[in-house]
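Engineer: Quick one: this structure, given as structure tokens, is what I'll be asking you about.
The values are calculated or read from the model by the stated rules, or taken from the named source; none is laboratory data. All of these numbers come straight from a predicted model, not from anything done at the bench. We place every Cβ from the backbone using ideal geometry, glycine too, and count neighbours over all the protein chains shown.
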Amino acid sequence: MTSTENAECRQTALGLILWPALASLAVTLLRLAGELLRWSPRWFSTETMGIEPSGVSWLVGITWLGFPFGIYFAYRLLRAGMGPRSVRKTTLLALCGLLIMLLLETPALGLIRVGFPQILIFVWLTMVLAAALQYSGWPELFRTLLLYGLAARIPVAIIMLLAMAGNWGTHYDYVGTPFRSSMAFVAGYLWLAFFPQLVFWVAFTVVLGFLGGTVATLLIGRKLPDRVDVI
């Protein structure tokens, strides 16, 4: 790819992520306001380690938005003739990313004899691997999702810095969790906020977005002949 093509891809990606990034920021600010003002915990839970069974707090959050925005980005790229060279390869890589991501939810993680918080390094690198696999399948979608992930998570990292410094009592500052109180402020922020947001959650967004992008490609890719090759 020439430097001109690289510049065009970056410009395309920046244009695509603008409104999704603003929408994600709005959701983040809404979630923060709801927790600070102690609105219904069903929608604005301050719990850090999970959501109560009857709660739907995850809906007022940006974690799941990677999937629908992945569909949106894929659709726009397909329409622009910037689809994957092989739908089969992209689909297989997306599924591999999902499998790697699911490994983090299995008991196998407990086999690693590393304490907390050092175990987080393994978790982060595993998610980065799952995301990095996606690049060769569809570079344009990878770059778009990577930029969107950073645009969505940088504000969260900033909010967490302020929340942890001010003890706001929200899930952004890990209210009620013992492991935060055992760490110095800078170490706690780096381990629990900065690197998780800008490494783990950005990579998670890429993987989730590729799953959405794969769905979009399988549904409409055959109708857009430009560069899509289903082989």
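Engineer: Can you name the condition, by its number, that residue 153 falls short on among (1) of a type in the set (D, E, K, R); (2) at pLDDT 95 or above; (3) more than 29 Å from residue 33 (Cα to Cα)?
Structural biologist: Single failed check for residue 153: (3).
Engineer: Still on this model: Going by the conditions given, is residue 105 within 21 Å of residue 171 (Cβ to Cβ) and at pLDDT below 85?
Structural biologist: Yes.
Engineer: Name the residues in region 134-157 that are farther than 26 Å from residue 40 by Cβ and either of a type in the set (Lys, Arg) or exposed (fewer than 14 other Cβ atoms within 10 Å of the Cβ) (or both), would you?
Structural biologist: Selection gives 143 alone.
Engineer: Restricting to region 160-195, give me the number of residues that are within 21 Å of the chain's Cα centre (by Cα) and of a type in the set (Phe, Trp, Tyr).
Structural biologist: Number of matching residues: 6.
Engineer: Sort through 97, 115 and tell me the only one that's in contact with a Leu (Cβ under 6 Å, 6 or more places away or on another chain), over 30 Å from residue 36 (Cβ atoms) and not hydrophobic (A, V, I, L, M, F, W, C).
Structural biologist: One residue alone meets the criteria, 97.
Engineer: Follow-up. Collect the residues in region 158-182 that are without any contact (Cβ under 8 Å) to a residue 40 or more places away in the chain, on the phi < 0 side of the Ramachandran plot and either acidic (Asp, Glu) or not in a helix (DSSP H, G or I) (or both), keeping them in residue-number order.
Structural biologist: Within region 158-182, 173, 182 meet the criteria.
Engineer: Continuing with this model, one more query. Is it the case that region 113-136 has a residue that's of a type in the set (Phe, Trp, Tyr), modelled with pLDDT of 90 or more, within 30 Å of residue 18 (Cβ to Cβ) and within 18 Å of the chain's Cα centre (by Cα)?
Structural biologist: yes
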